[in-house]
Amino acid sequence: MKLLILAVLAVIGASHAARPGANEVIDTFRSIVPRYIDTIAEDQQQIFALEHEETQALTQFHSDIVRTKETFVKSVTLQEDQLNGLMRGQNTSVADGQCMQFVQRATNETVNVIGVAYTTCINEADESLGNVTASYYGSIGALEQAATNLRLLDVFRGDNVFYTPYNIVNKLHQKEADLLQNRPPLAAELETQKQGFEADLMEIRNRYIVCMTTAEMSFRTYIDLARQQLSYICGANLNIVEN
């Protein structure tokens, strides 16, 4: 029995010695796996950090848009209130009351028209934002997919661990070289995407401000016209301040 066991061990030892390439495949594979896992984890952390930063950028963008809208809304309502106050302060025995009512109604309708313009501005900003975010997150998704699609098992494709083990070993070493040396840095690509996204947000914000400014300036032009009508047609005193 003892002789049989020794004979089996001898055969196993001989087989092991005769297949050093297969063992090298396993050892090489085992040594590379942790590096691949670390790389995936590092890339994921960078992507998550970027997504957090861009969430903050989007939050700031919406805050800026709301603040801008508030500024322009207040500008129009203030000018409207001042014009109405001017009319309320008139001496109706001097100024034509019916004429001022016409101006007041015209002012109210003009404010509504400016509201249409403001809505157009925000709709354009919203559409642009949708296009930009879809493109940006599509790019980030592609980078994330590439980062998690680091393949190792494909080294066995087309080869036999017993018959052509060193082909597999060579492919594993090439994988390692690509991972450590030849792989383009993800951080640089992420930074490029980030800068492009934030530049796009800035452009949308600036276009929105220009759009709102144009609408608000048209209302200022109307206010000047309304004051002229009050003075020259309705006989109002433009120097009167509402009590």
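All of the numbers you see were taken from the coordinates with simple rules; none came from a lab. Just so we're clear, the structure is a prediction, and the values are computed from it rather than from any experiment. Ideal geometry is used to build each Cβ from the backbone, glycine not excepted, and the neighbour counts take in all protein chains shown.
Against the longest principal axis of the chain, how steep is helix 2-18, in degrees 0 to 90 to the nearest 10, with axes from Cα atoms?
50
If you add up the charges near Ile37, with Lys and Arg at +1 and Asp and Glu at -1, over every other residue whose beta carbon is less than 14 angstrom from its beta carbon, what do you get?
0
Give me the one-decimal nm value for the distance between modelled label points at Arg157 and Met202, 7 Å along each residue's Cα-to-Cβ direction.
Once both label points are built, they end up 4.3 nm from each other.
As I understand it, the value is the acute angle between the Cα axis of helix 165-177 and the longest principal axis of the Cα atoms of the chain; what does it come to in degrees, rounded to 10?
On a 0 to 90 degree scale, this one is about 30.
Pop the C-beta distance of Asn112 and Ile37 into the FRET formula with R0 = 45 Å and round what comes out to the nearest 0.05.
The computed FRET efficiency comes out at 0.15.
When the Kirkwood hydrodynamic radius is evaluated over all pairs of different C-alpha atoms of the chain, what value in angstrom, to one decimal, is obtained?
This gives a value of 25.0 Å.
Relative to the first principal axis of the alpha-carbon coordinates of the chain, what is the inclination of helix 20-88, with its axis defined by its Cα atoms, in degrees from 0 to 90 and to the nearest 10?
0
Ser128: net charge of surrounding residues, Cβ under 12 Å, Lys/Arg +1, Asp/Glu -1, itself excluded?
Around Ser128, the charge tally is -3.
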